[in-house]
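Participant: Dumping the structure here so I can ask a few things about it.
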Amino acid sequence: EPLECLQGAKAPEVIKNDKGFYTLKGKPLNFDPCHSSVRFKVPTSSTKPPLFIFVHGAGGFRDTMRLFNSFYENGFAVLGYDAFEPNGISINMNSSVSNSQRQEMIFSATVGAMEWALKQKEIDTKRIYLYGISNGATVVVNLAAMYDKTKIKAVFSEAPAHAGMGMPDDIKVP
């Protein structure tokens, strides 16, 4: 099946304010399975493996690489990506981006990643798990309020950021 690349998608404009912080002008990009930061690995198995989607924090995708590799080595399909780079935020800039802007980029990419993952035939789409750290932890809890157990089996929220998009009052998945 051909990948659903974001061909021709234009990243929002990155603006530096007078205090040295970067903001996006426009909506952040959705998940692009064709972006160079995307890592999707499915182990060889006689059954469809469950999928762990790794949702990074302020440090970008490298925050979760060790855990990403460990889960893959233990039989899980894994999906990871960087939400900042496609939006024009480099590793040198991301410490000068507010939590709310980071979470907005991560949220948009993660919703897109979820929708993309639900269409993948080589994984067990009834067993999708989300793991988020820091800003990504805040995002996965918010996704647990949006989706139900038929889409997300469980979320793992490690050290959620308390500033930014906030936490939902109710969640639908553990």
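The values are calculated or read from the model by the stated rules, or taken from the named source; none is laboratory data. Not measured: the values here are computed from a predicted model. Note that we place each Cβ from the backbone using ideal geometry, even for glycine, and neighbour counts take in every protein chain shown. Please note that ligands, DNA and RNA were not included when accessible areas were found on the heavy atoms of the full protein model with its side chains. Shrake-Rupley method; radii C 1.70, N 1.55, O 1.52, S 1.80 Å.
Participant: Where the centroid of each part is defined by its Cα atoms, how far is the range 21-66 from the range 137-174 in Å?
Facilitator: Rounded to whole Å, the Cα centres lie 17 Å apart.
Participant: Could you give the nm distance between label points at SER96 and ASP124, where each point is 7 Å from its Cα heading toward the beta carbon?
Facilitator: Between SER96 and ASP124, the label points sit 4.7 nm apart.
Participant: Next question. Antiparallel versus total DSSP beta bridges in the chain: what percent is that, nearest 5?
Facilitator: Of those bridges, close to 35 percent are antiparallel.
Participant: A follow-up question, please. Provide, as a two-decimal number, the C-alpha radius of gyration of the range 31-174 over 2.2 N^0.38 Å, N being how many residues it has.
Facilitator: For the range 31-174, the normalised Cα radius of gyration comes out at 0.98.
Participant: Given the pairs LYS10/LYS153; LYS121/LYS153; LYS121/LYS149, which are separated by over 23 angstrom at their Cα positions?
Facilitator: Details: LYS10/LYS153 33 Å; LYS121/LYS153 17 Å; LYS121/LYS149 19 Å.
Pairs exceeding the cut-off: LYS10/LYS153.
Participant: Which whole-number percent gives the relative contact order of the range 1-55, counting Cα pairs below 8 Å spaced six or more residues apart?
Facilitator: It rounds to 30 percent for the range 1-55.
Participant: On to the next question. For PHE21, project a label point 7 Å along Cα to C-beta. Then give me every residue of the range 84-100 with its amide nitrogen under 18 Å of that point.
Facilitator: Only 89-90, 92-100 pass the distance filter.
Participant: Nearest 20 debye, what's the magnitude of the dipole of the chain about its Cα centre given +1 on Lys and Arg Cβ and -1 on Asp and Glu Cβ? Numbers along the way, then the final one.
Facilitator: On the way: 19 positive and 17 negative charges, 34 e Å.
For the chain, the charge dipole is close to 160 debye.
Participant: Show the residues, 5+ positions off or on another chain, whose built amide H is closer than 5 Å to the amide H of PHE52.
Facilitator: ALA77, VAL78, LEU79, TYR129
Participant: Which net charge results for the neighbourhood of MET114, defined as the other residues with beta-carbon distances under 13 angstrom from its beta-carbon, given Lys and Arg at +1 and Asp and Glu at -1?
Facilitator: Value of the local net charge: +1.
Participant: Here's something else I'd like to know. Share of the chain's accessible area from carbon and sulfur, percent, 1.4 Å?
Facilitator: Roughly 51 percent of what the probe reaches on the chain is carbon or sulfur.
Participant: How high is the relative contact order of the chain, in percent, with contacts defined as C-alpha pairs under 8 Å that are six or more residues apart?
Facilitator: Details: 361 pairs, mean separation 39.8, N = 174.
Computed over the chain, the figure is 23 percent.
Participant: List the relative contact order of the range 1-104 as a percent without decimals, with contacts defined as Cα pairs under 8 Å and 6+ residues apart. Don't skip to the answer; put the middle values down first.
Facilitator: Details: 149 pairs, mean separation 32.1, N = 104.
Reported as a whole number, the value is 31 percent.
Participant: While we're on this one: Subtracting the Cα-Cα distance from 0.36 nm times the residue separation, let me have the gained length for ASN74 to ARG39 in nm, one decimal.
Facilitator: Working: separation 35, 0.36 × 35 = 12.60 nm, distance 1.65 nm.
So the extension gain works out to 11.0 nm.
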